[in-house]
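What follows draws every value from the coordinates through simple rules; no lab data is involved. This one's a predicted model, so the numbers in the text were calculated from it and none came from an experiment. Note: ideal-geometry Cβ built from the backbone for every residue, glycine included; neighbour counts use all protein chains shown.
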Amino acid sequence: MLARRIPSILPDLSFEEALEITKIHSIAGVLTQKNALITTRPFRAPHHTVSSVSLVGGGRIPKPGEISLAHYGVLFLDEIAEFNKNTLEVLRGPLEDRLVTISRVNATLTYPANFMFVASMNPCPCGYYGSKEKECTCTPQMISKYMGKISGPLLDRIDICTEVSPVKYQKLDSNEKIGTSEEIKKRVDKARKIQLERYKDKKIFSNSELTPKLIEEYCKLDSKGKQILENAFNKLKLSARAYGRILKVARTIADLEESKNIQVNHIAEAIQYRSIDRKFWGN
């Protein structure tokens, strides 16, 4: 439910983005006559039985796969640990390069794949590992095998990893006012406008597109922030890729709060999103 609502808070498509998405869907043969121009961000949620060809594209006449159909939108893998491990591994390249190349004897085709990757999973086969409500019935070997479906390199390419606790009945039955998608989208649009202005001369549109060189320029930390990040890097045994992703997430958190500089609380929050995965995958 949470994943399906993500497109509702994402920034509106520009005309150029809409054209690009429409072209991809047209090539794939999934464009309907009612939608001559796609104006909403795609949301793709393939079943866990999907093949690697269906996911990245291919076939006798190579067509775009799910990752290209999710271009400028969301690719959601529900119960990611149920997917074939080899199928998941083909995501590593597109997540890094934002495109996918399909090679055949008579042609080589490249399709764009700039998507937001979202996945969910249980902490173990029975779903209760670490739960305070019910005892887990899985053996350590079962949990290790289950979690092992997600490789370290793939996990490294995920910016945010967080634990979602079960919702209590009292919360569901509460009259407490909660934030709506419209309210959240206003904050997102404001942050996107800040980023568009910041990178107008760099030919990029958002913090997610920052290169290592641009990270040095736009994600500067004060001495206290650097110390916190260094401690986390050594304690959590983070990779160079995770280091860059923490800085980009911290930059985004600062933009959402309309802060010109990355503050200590921003970097601490970003680190928290990289530390929870160590609870389940270890060091």
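Restriction of the GluC sites (Glu not before Pro) in the stretch 172-214 to DSSP coil positions whose beta-carbon has at most 16 other beta-carbons within 10 angstrom yields GLU176. Note on the chain: helix-only mean residue ellipticity at 222 nm, from DSSP H runs of 4+ residues weighted -39500 (n - 2.57) and normalised by residue number, equals -12000 deg cm²/dmol.
Explain nothing, just the number: relative contact order of the stretch 23-91, from Cα pairs under 8 Å at least 6 residues apart, as a whole percent.
Details: 79 pairs, mean separation 25.7, N = 69.
Answer for the stretch 23-91 is 37 percent.
Going from the fewest other Cβ atoms within 10 Å to the most, the residues HIS71, HIS48 appear in the order HIS48, HIS71.
Given the choices (1) 1, 5, 10, 13, 16, 17, 15, 12, 7, 3, 1, 0, 0; (2) 1, 5, 11, 16, 18, 19, 16, 9, 4, 1, 0, 0; (3) 1, 5, 11, 14, 16, 14, 11, 9, 7, 5, 4, 2, 0, 0, P(r) over Cα pairs in 5 Å bins from 0, in percent derived from the coordinates of this structure is entry (1). Taking GLN195, GLN170, GLN141 as the candidate residues, the one with maximal mean-square fluctuation in a Gaussian network model of the chain, Cα springs under 10 Å, is GLN170. Which lysines, on any chain, are close to LYS235 with Cα under 16 Å apart, when same-chain ones fewer than 8 places away are left out? By straight Cα distance, LYS235 reaches LYS226, LYS279. Bridging of LYS63 to lysines at a Cα separation below 20 Å is possible for LYS23, once same-chain residues fewer than 8 apart are set aside. Please report how far the C-alpha centroid of the stretch 162-196 lies from that of the stretch 1-73, rounded to the nearest whole angstrom. So the two Cα centres are separated by 25 Å.
Of VAL249, VAL105, how do they rank once you tally other Cβ atoms within 10 Å and put the fewest first?
Values: VAL249 23, VAL105 5.
Final ranking by Cβ density, sparse to dense: VAL105, VAL249.
Highest GNM mean-square fluctuation, the chain, Cα pairs closer than 10 Å: which of ARG104, ARG41, ARG60? In this elastic network of the chain, the residue with the biggest mean-square fluctuation among ARG104, ARG41, ARG60 is ARG60. SER120 sits among other residues whose Cβ lies under 10 Å from its own Cβ, and their net charge, with Lys and Arg +1 and Asp and Glu -1, is -2. Under the criterion of Cα pairs below 8 Å and six or more residues apart, the relative contact order for the chain equals 15 percent.
Out of the GluC sites (Glu not before Pro) in the stretch 86-155, which ones are loop residues according to DSSP with at most 10 other C-beta atoms within 10 Å? Mind showing how you got there, number by number?
Numbers: sites: GLU89, GLU96, GLU133, GLU135; in loops: GLU133, GLU135.
Sparse-neighbourhood loop GluC sites (Glu not before Pro): GLU133, GLU135.
Springs between Cα atoms under 10 Å define the GNM used for the chain, and in it the highest mean-square fluctuation of PRO123, PRO140, PRO153 occurs at PRO140.
Rounded to the nearest 5, the antiparallel percentage of DSSP beta bridges internal to the chain is 55%.
Listed by chain and number, the aspartates and glutamates whose alpha-carbon sits under 17 Å from that of LYS134, ignoring those within fewer than 8 places in the same chain, are GLU163.
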